[in-house]
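Below is one structure, written out as structure tokens, with a few remarks after it.
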Amino acid sequence: KVSLVHGAHRTGRRTDAAMARWRAYGLGQFIHWGLYSIPGGEWDGKTYNGAAEWIRSWDGITKSAYDSLIYHFNPVKFDATAWAAAAQQMGAKYVTITTKHHDGFCLWPSKYTSYTVASSPYKKDLIKPLVDAYNKAGIDVILYFSIMDWSNPDWRYDIKTKDDSIAFERFKKFTRNQLLELLERYPTTKGLWFDGTWDNAWVKQAAFADELETEMRKMRPGLIIGSRFRADENGKRHFDTNGQLMGDYEQGWERKIPNTITEVHGNDWDCVMTVPENQWGYNAAWKGHIKTTDELLEMLAKCVSLDGNFVLNFGPKGDGSIRKEELSLAREIGDWMAVNQEAIYGCEYAGLEPQNWGYFTKKTGTDKIYMLVFNVPVSGALRVKLPVQTSISKAYRLGQPAQTFVPEEIQASESFIHLKTTSEKHPFVIVLETAKKTENPKVKYEKAK
Ligand SMILES: Cc1ccc([C@@H]2N[C@@H](C)[C@@H](O)[C@H]2O)cc1
């Protein structure tokens, strides 16, 4: 272990109530919305092949043409209540919303730059109505904030000259001002999801970022900040020089999911996921593999089975409407969650040997196990290996408690649950109520002669 001043300030998971609430979410919604939503990955009849929210970096559009999009941003179809209702029906327990993406356009009327919604035809704050509508729907809000800001002339990718460092000192002040402004304006928000923190200029700001994180946490007790915000004094990101997680949860699982519990190192984490292969902002083309509802449900189940939250991204259009494909995915996920949410909310890694038919989750603080079945074996027999001295007292279909199962015990702590049919067309859940086997009082071992 090397001594660090700006490494992780906590080892192990946070044990406070605010983090326990975050840990129990299971399912979240990500929203990427901004000027990039207007072109939607297309410009002058050409298609940008990168992620739509990165179109400003494409040589197919001039920087001034992109920046002038601010004068066309007028989301007249924006309806925060409708967005929140769709998220609530989907079963999202939190939403992460872009307040400012890499292009620097602010969805709130920031005092520290004119590159905000206040300078657009729309004029009004978009974040407050979103926070209010989502909170009213019982959904917590986390604010996405990109440190990298292409609109700010003081932004630097690296600090090479004296001028760079003078400019970047201004940029650091601007960044702190905006973050404190967000915390002041939106006091019910639960956390900050940082992005755009990989370039050298910011990575070199270990002391500044550490102090800023401490200041924000003091300003908002319980505030949740992930591992992507700051580097330690050796430039180590996500995990400090001693391998300790920076921040409150691991933010490394972007468009990917761990396969084993060892990969999560006992940390909290979230997986943020796109519906197309790699598009966060609205993408008109909507080409390539578009994930299906069952595919997304399996990702959700896998994340929760490995102690993570699954955060599904939506990219509203520039006019404030949500595309029909995303609305129908939300609806179908919500229909499944309406029946099976008990296996997702407040659940965690069950500590059982994974099986090919799907995923185990366990209700936190109980011995209630859920079998989330995605791959029905042709045998119809679902193998379950429980810890020794644990028995199954009840087994039934979640949502249809009359559909019970009598496990066939194959050997100690190993059973088959035999399905009644192998022709299920959609994922389903079986609940296992388990109990520790008590010592059988009758069987007393003979004292050694
Ligand atoms: C290489 C790369 C940089 C930034 C990203 C941003 N992180 C996601 C959460 C989106 O905001 C994407 O633009 C993705 C890939």
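The values are calculated or read from the model by the stated rules, or taken from the named source; none is laboratory data. Nothing here was measured: the structure is a model prediction, and the numbers come from that model. Every residue, glycine among them, receives a Cβ derived from its backbone with ideal geometry; neighbour counts consider all protein chains shown.
If I filter the stretch 317-326 for residues that are among the acidic types (D, E), surrounded by fewer than 20 Cβ atoms within 10 Å (Cβ to Cβ) and touching a residue at least 60 places away in the same chain (Cβ under 8 Å), do I get at least one hit? Yes, the stretch 317-326 has at least one match. Against the criterion of being over 16 Å from the mean Cα position of the chain (by Cα) and assigned to a loop (DSSP other than H, G, I, E, B), S328 does not qualify. Each residue in the stretch 68-114 was checked for being aromatic (F, W, Y) and assigned to a loop (DSSP other than H, G, I, E, B), and 5 pass.
Scanning the stretch 30-67 for residues that are assigned to a helix (DSSP H, G or I) and either more than 12 Å from the ligand (Cβ to nearest atom) or touching a helix residue (DSSP H, G or I) at 6+ places or on another chain (Cβ under 6 Å) (or both) gives L35, Y36, S37, A52, E53, I55, R56, K63, S64, A65, Y66, D67.
There is no residue in the stretch 293-309 that is assigned to a loop (DSSP other than H, G, I, E, B), buried (at least 23 other Cβ atoms within 10 Å of the Cβ), within 16 Å of the ligand (Cβ to nearest atom) and hydrophobic (A, V, I, L, M, F, W, C).
Is it fair to say D59 is over 29 Å from M246 (Cα atoms) and without any contact (Cβ under 8 Å) to a residue 12 or more places away in the chain? For D59, the condition - over 29 Å from M246 (Cα atoms) and without any contact (Cβ under 8 Å) to a residue 12 or more places away in the chain - is met. Restricted to the stretch 125-175, and to residues there that are farther than 21 Å from R228 by Cβ and among the basic types (K, R), the residue that is farthest from the ligand (Cβ to nearest atom) is K162.
A count restricted to the stretch 287-316 and to residues that are closer than 17 Å to G40 by Cα and touching a residue at least 60 places away in the same chain (Cβ under 8 Å) stands at 4. In this structure, is K287 of a type in the set (K, R) and over 21 Å from T175 (Cβ atoms)? Here the answer is yes, as K287 does meet what is asked. Checking E215, E277, E254, E233 one by one, the residue that is within 16 Å of the ligand (Cβ to nearest atom), acidic (D, E) and either modelled with pLDDT under 95 or farther than 17 Å from Q29 by Cβ (or both) is E277 and no other. All of (1) closer than 28 Å to G138 by Cα; (2) in contact with a His (Cβ under 9 Å, 6 or more places away or on another chain); (3) among the acidic types (D, E) hold for E342 with one exception: (2).
Against the test of being surrounded by fewer than 18 Cβ atoms within 10 Å (Cβ to Cβ) and either over 17 Å from the mean Cα position of the chain (by Cα) or of a type in the set (K, R) (or both), the options E254, E233 yield a single qualifying residue, E233.
For the stretch 334-358, the tally of residues that are within 19 Å of L312 (Cα to Cα) and of a type outside the set (D, E, K, R) stands at 11. Restricting to the stretch 197-212, count the residues that are farther than 16 Å from T241 by Cβ, out of contact with any helix residue (DSSP H, G or I) (no Cβ under 7 Å at 6 or more places or on another chain), among the hydrophobic types (A, V, I, L, M, F, W, C) and assigned to a helix (DSSP H, G or I). Adding up the residues that qualify gives 1.
Only residues that are in contact with a helix residue (DSSP H, G or I) (Cβ under 9 Å, 6 or more places away or on another chain) and either of a type in the set (A, V, I, L, M, F, W, C) or loosely packed, with under 15 Cβ neighbours inside 10 Å (or both) were counted across the stretch 262-288, and they come to 8.
Among the residues examined, V443 does not qualify as part of a loop (DSSP other than H, G, I, E, B), at pLDDT 95 or above and more than 35 Å from the chain's Cα centre (by Cα).
Please work out which residue is surrounded by the most Cβ atoms within 10 Å (Cβ to Cβ), limiting yourself to the stretch 180-223 and to residues that are of a type in the set (V, I, T) and more than 17 Å from W253 (Cα to Cα). Ranking the qualifying residues of the stretch 180-223, first place goes to T189.
Looking only at the stretch 257-274, which residues are within 16 Å of the ligand (Cβ to nearest atom) and not polar (S, T, N, Q)?
I257, W269, D270, C271, V272, M273 - these are the residues of the stretch 257-274 that are within 16 Å of the ligand (Cβ to nearest atom) and not polar (S, T, N, Q).
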